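Data block below; observations after.
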Amino acid sequence: MSSDRDFKPKFNSTAEVLQKLLEDKAGPVSDQYLRWKLWLAWEEVVGKTVAENAEPISYHNGTLWLCVKNSVWMTQMTFMVEPIKNSVNQKFRPNFVKEVRLTLHRR
């Protein structure tokens, strides 16, 4: 005679399935979940000064768009693109961000 306990090792809980979808390399769902986490942790990832002068506004297929406060910071940020990309990839997932683009316009 079998019991309910016999099935537990064979099936994942809903929470485990959702966690796998969101954190593994599952595709668009995973990427958007990581995007959301990046928006929430932006200051922690790039530091207070950068976060006050540039904010993420879009992420699609590995391209992260940042809206920069003004043209002075736009110039400064061109030198910080690689360190920002590396910091994000280190904290989230290798190759999550392949390119960082800068804009003065919030579209």
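Below is a table of values for the structure above.
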item: Selected residue (criterion: least open to solvent (accessible area, probe 1.4 Å)) from residues of segment 56-72 that are part of a strand (DSSP E or B) and of a type in the set (S, T, N, Q); result: Thr63
item: Hits in segment 36-55 (condition: buried (at least 17 other Cβ atoms within 10 Å of the Cβ) and either part of a loop (DSSP other than H, G, I, E, B) or among the aliphatic types (A, V, I, L, M) (or both)); result: Leu38, Val45, Val46, Val50, Ala54
item: Any chance Gly62 is under 20 Å from Arg107 (Cβ atoms) and modelled with pLDDT under 95; result: yes
item: Cross-chain or 6+ apart pairs with Cβ under 7 Å, segment 82-94 first and of a type in the set (S, T, N, Q), then surrounded by 14 or more Cβ atoms within 10 Å (Cβ to Cβ); result: Ser87/Val45; Ser87/Val46; Asn89/Phe96; Asn89/Val97
item: Single residue of Val72, Val68, Val45, Val50 found to be β-branched (Val, Ile, Thr) and closer than 21 Å to Asp31 by Cα; result: Val45
item: First in segment 30-42 and in contact (Cβ under 8 Å) with a residue 40 or more places away in the chain, second anywhere and outside any loop (DSSP other than H, G, I, E, B), Cβ under 7 Å, 6 or more apart; result: Leu38/Val45; Leu38/Pro56; Leu38/Val88
item: Residues located in segment 73-107, provided they are in a helix (DSSP H, G or I) and not β-branched (Val, Ile, Thr); result: Trp73, Met74, Gln76, Met77, Glu82, Pro83, Lys85, Asn86, Ser87, Asn89, Gln90, Lys91
item: Count of residues meeting criterion [under 21 Å from Phe92 (Cβ atoms) and basic (Lys, Arg)] in segment 58-74; result: 0
item: Where Leu22 falls short, out of the listed (1) modelled with pLDDT under 75; (2) surrounded by fewer than 15 Cβ atoms within 10 Å (Cβ to Cβ); result: (2)
item: Given (1) more than 22 Å from Tyr33 (Cβ to Cβ); (2) open to solvent by 70 Å² or more (accessible area, probe 1.4 Å), index of the condition Asn95 fails; result: (1)
item: Residues of segment 31-56 satisfying the condition of being farther than 16 Å from Cys67 by Cβ and of a type in the set (Asp, Glu); result: Asp31, Glu44
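The values are calculated or read from the model by the stated rules, or taken from the named source; none is laboratory data. A quick note: this is a predicted structure, and the numbers were derived from the prediction, not measured. With ideal geometry, Cβ positions are generated from the backbone for all residues, glycine too; neighbour counts draw on all protein chains shown. Ligands, DNA and RNA are excluded from the accessible area calculation, which covers all protein heavy atoms including side chains. Shrake-Rupley method; radii C 1.70, N 1.55, O 1.52, S 1.80 Å.
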